[in-house]
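A short worksheet on the structure shown next.
The values are calculated or read from the model by the stated rules, or taken from the named source; none is laboratory data. Since we're looking at a predicted model, the values are computed, not measured. We place every Cβ from the backbone using ideal geometry, glycine too, and count neighbours over all the protein chains shown. SASA here: full protein model, heavy atoms, side chains in, ligands and nucleic acids out. Shrake-Rupley method; radii C 1.70, N 1.55, O 1.52, S 1.80 Å.
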Amino acid sequence: MDVNESIKATVRKRTSAGLMLIIVAAVTLEATTLIQYFFSQRALRQEASLRAESELRATRNYIMDIVDQAESAVNNSAWITRLCLDYPDSIAVVARRIVEENPAVMGSSIALVPGYNPKRPLFSPYVFRTADGGTELKSLATPEYDYPSQEWFTEPLKYGIGYWSEPYIDTGGGDALMTTYSVPITDDDGRIAAVLTADLSLDWLTELVGNVRVYPGAYSVLISREGTIMVSPMETLNMHQSIRDYAKQATDTANFNRMADLMLSGKTGNVSLSRKRRQKTFVFFAPVERTGWSMAIVIPDNEIFREIRRMGRLVNFLTLVGLAMLVLILRSAARSSTRFHELNEKKDRMENELRIGHNIQMSMIPKTFPPFPERKDIDISATLVPAKEVGGDLYDFYIRDEKLFFCIGDVSGKGVPASLVMAVTRSLFRTISNHEKSPQRIVTLLNESMTDMNENNMFVTFFCGVLDMITGHMRYCNAGHNPPVLLSDRVRELPVFPNLPLGIMQGMSFREQETDLSCDDTLFLYTDGVTEAENVSSEQFGQARMLSVLLEHRDAQGQLESMQKAVSDFVGEAAPSDDLTMLIIHYLNDMQADVTERHLILHNDIQQIPQLAEFIETIADEKSLDQALAMSLNLALEEAVTNVILYAYPEGSDGLVDIEAILGAEKLTFIISDSGIPFDPTAAPEADVTLGVEERPIGGLGIYLVRNIMDTVSYERVDGKNVLTLTKII
């Protein structure tokens, strides 16, 4: 047998096995469905029976409560009626009392037995309730009504006990559909003298029974002692047809008659009646004691089994779908291995891309520590541990013009989107801070840039600081981030204004703050991945633990390693819930006492330039500068200040030029600020001194001299002021 035949044989065997599997599965599913359907039907039938019995019991109890009220009203008034037999004119008072004191009673009468009182052969005062809630009296002793022939009168005389009449429309009496409870009244000699009655309107009964709903399509029926249909959904039958007559029209006449016999004999039970189209109806019935009535609840079987039949159709459909899916699964089994291999390749590729993304993200932040080994005035350590392959936390720092620019941030969200926002935020920080010294300006410009491109509504909590390495003076601006912890003579949170995070709203105003660091002070910046790190019991690491760990070491690297270990030990086997980022800045400049500051304020008047020369001469004497350096400084400062005096303010207006000198042991820093029109002298192009005087454009030599004399020259616009900073290493 060749290879093709072998493959075909294998395919045939697998096809046969698959077909057998489908058949077995189909038979098993069908058998399971039938068994479930059988037991579900039985459970639903039992539930319907319980619900019907509960409704019957509740309705009967309500009816009996009304019946008891009427019977009690009559029985409790029998003795006073006996006393009034000799005073017929006072009998109506008893009837009125029964009606007024019993809201369930529609009317009441005391009807004398004909001939009992010779003076009153026929006497029957009747008190009934009017529509406005009052009572009215009339007489039933009229030729038209003939009360001695009424059932409510004859039956209690016949049996000698209380009697509930058949429902009737009492024309000439209460003029309504009612039933009457009546008892015979005997005189002192034991003779039956009168009949005392209480009428109940059946309007409430029609509403009560008609509102009984066990299932949406179910309904209730109430029949009288004689089988008259009192209440039913078909109003044409009510009080016009008996249950016996209706049985003749029924499809299942035999069972209908059996049910009628049981109901008329006061039995409790249930029967199943066949209907057209092979449908059935379940009837649950029970008597209403003492009245002779019987109540039934009729439930079509399609109402009881509606849901299970719907579920059965759904199960059959799902079974067919399941079998079809099984066929598809068997057909696709041969390709599953290839697909699994492809998925593994995609997974490996995705993991590799995320690994590359992680490496790129980590390459964007400083990760060489100590970062400035040549400096003895600062000790910095930091870490960023993403909760996933890539994260949304960031930190950054660098030194420019003897100022440490640093930041920390936390992007809302996780994963790749957050990492992209993190990369953009870090890049913007570097770009903006290279031209700005004010944290407030840096944060404001960051916010404007991020809101312009924030289509996904992501935001960044951000803290930005600028630390003067010489003086220890730090300016900072917080945008919704956790307040850093300052460890100095005591441990405290750095006070921060509640500014909004970046990227939420354009045009937001961010407030800047400032403080001074002393030698050996430490600033600990962190994201909420530290304090909100959770262990397997969902308990958070918390700020109290964080502060206690910070006190274990004074050096930045020791604090960082100790905090990492404490968080790791606390979290244990729990998966990280957030990125973990920390930045520790330990300020170590012990030469702050050698730094002094000098101030000079001039008006925009060229005649005040000599004061600048005296100012520089004083500084040169204080710092023991040689004459050549002093002259160079004077030339550079004079060029810069003269430029401000001549061009910063409109002609004829008075303005000020503020010159601040920071005198350190190793360098001099001059900060020239004015409130004039914005002008950046450092943006001017380099002057080409190789050109002849005729070829060289006017201007440009002043800034050329300043750049060549001073070691660093920088400009920024802060709070509506031009700020030019000149630094000279001495």
Lys/Arg +1, Asp/Glu -1 at C-beta; the chain dipole; positive extreme among Ser419, Met259, Phe406: Met259
Table column - 3J(HN,Hα) (Hz), the stretch 419-434, Karplus curve with 6.51, -1.76, 1.60, x for Gly and Pro: 5, 5, 5, 4, 4, 5, 4, 5, 5, 5, 4, 4, 5, 6, 5, 5
Solvent-accessible area of Ile192 with every protein chain in place, 1.4 Å probe, in Å² to the nearest 10: 60 Å²
Chain lengthening between Leu588 and Tyr62 when straightened (0.36 nm per residue, less Cα-Cα): 180.3 nm
Between helix 627-647 and the chain: long-axis angle, C-alpha atoms, 0 to 90°, nearest 10: 50 degrees
Rounded tilt (10° steps) of 556-571 against the dominant C-alpha axis of the chain: 20 degrees
Difference of contour (0.36 nm per residue) and Cα-Cα distance, Asn535 to Leu656: 37.5 nm
Highest average packing first - 530-538, 444-452, Cβ atoms within 10 Å: 444-452, 530-538
Residues Glu307 and Glu666, FRET efficiency given R0 of 56 Å [Cβ-Cβ distance, rounded to 0.05]: 0.05
Label-point gap, in nm, between Val385 and Tyr215 - each point 7 angstrom along Cα→Cβ: 6.4 nm
Label assignment, volume of the Cα convex hull per residue in Å³ derived from the structure, set (i) 293; (ii) 153; (iii) 408: (iii)
Per-residue SASA entry for Asp65, accessible area with 1.4 Å probe, Å² rounded to 10: 80 Å²
Karplus-derived HN-Hα couplings along the stretch 101-117 (A = 6.51, B = -1.76, C = 1.60, θ = phi - 60°), whole Hz, x at Gly and Pro: 8, 9, x, 6, 8, 8, x, 8, 9, 10, 9, 6, 5, x, x, 5, 10
Label-point gap, in nm, between His599 and Thr682 - each point 7 angstrom along Cα→Cβ: 2.4 nm
Estimated dipole of the stretch 433-536 in Debye, rounded to 20 [Cβ of Lys and Arg +1, of Asp and Glu -1, Cα centre]: 200 debye
Residues of the chain: accessible area per residue with a 1.4 Å probe, Å²: 52 Å²
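Under a Cβ-only charge scheme (Lys and Arg +1, Asp and Glu -1), can you give me the dipole magnitude of the chain about the Cα centre, in debye to the nearest 20?
The calculated dipole for the chain is roughly 6120 debye.
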Heavy-atom SASA rank of Phe405, Phe615, Phe317 (probe 1.4 Å, accessible area, largest first): Phe317, Phe615, Phe405
Heavy-atom accessible surface of the chain: percent carbon and sulfur, 1.4 Å: 55 percent
Cβ-Cβ FRET estimate between Ile35 and Gln279, R0 fixed at 25 Å, reported to 0.05: 0.55
Tensor-based shape of the stretch 421-563 (alpha-carbon gyration tensor, a/c under 1.5 rounded, otherwise prolate or oblate): oblate
Selection from Asn352, Asn457, Val93 lying farthest towards where the dipole of the chain points positive, charges on Cβ: Val93
Cβ-Cβ FRET estimate between Asp452 and Arg490, R0 fixed at 45 Å, reported to 0.05: 0.60
Reachable lysines, given that their alpha-carbon falls under 21 Å from the alpha-carbon of Lys248 and they are not under 8 places away in the same chain: Lys276, Lys280
Approximate shape of the stretch 258-321 as ellipsoid semi-axes (Cα gyration tensor, √5λ), whole Å, largest first: 36, 11, 7
Segments 23-29, 299-305 sorted - mean Cβ within 10 Å per residue, highest first: 299-305, 23-29
